[in-house]
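Undergrad: Dumping the structure here so I can ask a few things about it.
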């Protein structure tokens, strides 16, 4: 079974789903393909003003209560509270794609590290330098260097992966992330994203029955 995981690295609900995605990637016979949607990237970025920061924090608290994932005070003050910051997932998405180009087996790990940098350590992963440093510290120096000096191949891969993910969103009528598309003997189909927020141990069975 192949699972296409539609996500955005600045999506709080995707961070909430991270433990379930990790668990899926460890299952025998299952391949998880990360599909960054660019939902908050580039032209879809927005300023991190006080109103949006308050909305984000309120939503983050709901996610924390449901999933147990940590949204730290450092994140609230240093990321949401940063003056003139941008809510732009392009740098973190570029980081994930760079890891895919240089160390494919560590893509999910890289996403987890970038999410932790933001939500736990309070580092703004909407900045290329933060993304590069996070990857470098994790032993992903080649990807880190690519993030700081992207070549044509990386930029083409970035665009292609976002286009493919958006194609799946359009094909299956997906309005937001996280979302899962599974591909098995019965074909490709969308499964309800709420299974990512239930009993992780029951996840495999739910997917097979979907």
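Undergrad: Within region 167-191, count every residue that is touching a helix residue (DSSP H, G or I) at 6+ places or on another chain (Cβ under 9 Å) and loosely packed, with under 12 Cβ neighbours inside 10 Å. Write out each step before concluding.
TA: At the first step, the residues of region 167-191 found to be touching a helix residue (DSSP H, G or I) at 6+ places or on another chain (Cβ under 9 Å) are 174-182, 184, 188-191.
This time we only want the ones that are loosely packed, with under 12 Cβ neighbours inside 10 Å, so: 175.
Residues flagged as touching a helix residue (DSSP H, G or I) at 6+ places or on another chain (Cβ under 9 Å) and loosely packed, with under 12 Cβ neighbours inside 10 Å within region 167-191 amount to 1.
Undergrad: Something else about it: Just the residues that are surrounded by 14 or more Cβ atoms within 10 Å (Cβ to Cβ) and touching a strand residue (DSSP E or B) at 6+ places or on another chain (Cβ under 8 Å), please, taken from region 22-32.
TA: 24, 25, 30, 32
Undergrad: Under the condition of being touching a residue at least 40 places away in the same chain (Cβ under 8 Å) and part of a helix (DSSP H, G or I), which residue from region 77-92 is farthest from residue 9 (Cα to Cα)? Show your work before the answer.
TA: First, pick out the residues of region 77-92 that are touching a residue at least 40 places away in the same chain (Cβ under 8 Å): 77-79, 82, 85-92.
Imposing the further condition that a residue be part of a helix (DSSP H, G or I) reduces the set to 77-79, 90-92.
Values: 77: 19, 78: 18, 79: 14, 90: 9, 91: 9, 92: 6 Å.
Across region 77-92, the extreme among qualifying residues is 77.
Undergrad: Now for a different question. Just to be sure I understand, how many residues within region 41-69 are loosely packed, with under 14 Cβ neighbours inside 10 Å, under 18 Å from the mean Cα position of the chain (by Cα) and assigned to a loop (DSSP other than H, G, I, E, B)?
TA: Of the residues in that region, 1 qualify.
Undergrad: In the list 35, 17, which residue meets the criterion of being closer than 22 Å to residue 202 by Cα, buried (at least 21 other Cβ atoms within 10 Å of the Cβ) and either modelled with pLDDT of 95 or more or in contact with a strand residue (DSSP E or B) (Cβ under 6 Å, 6 or more places away or on another chain) (or both)? So that I can check it myself, show each step before the final result.
TA: Working: 35 fails: closer than 22 Å to residue 202 by Cα.
Result of the check over 35, 17: 17.
Undergrad: Taking the criterion of being closer than 15 Å to residue 8 by Cβ and not in a helix (DSSP H, G or I), would at least one residue in region 128-135 satisfy it?
TA: no
The values are calculated or read from the model by the stated rules, or taken from the named source; none is laboratory data. The shown structure was predicted, so the numbers you read here are calculated from the model rather than taken from an experiment. Positions of Cβ are generated from backbone atoms using ideal geometry, with glycine treated the same way; all protein chains shown enter the neighbour counts.
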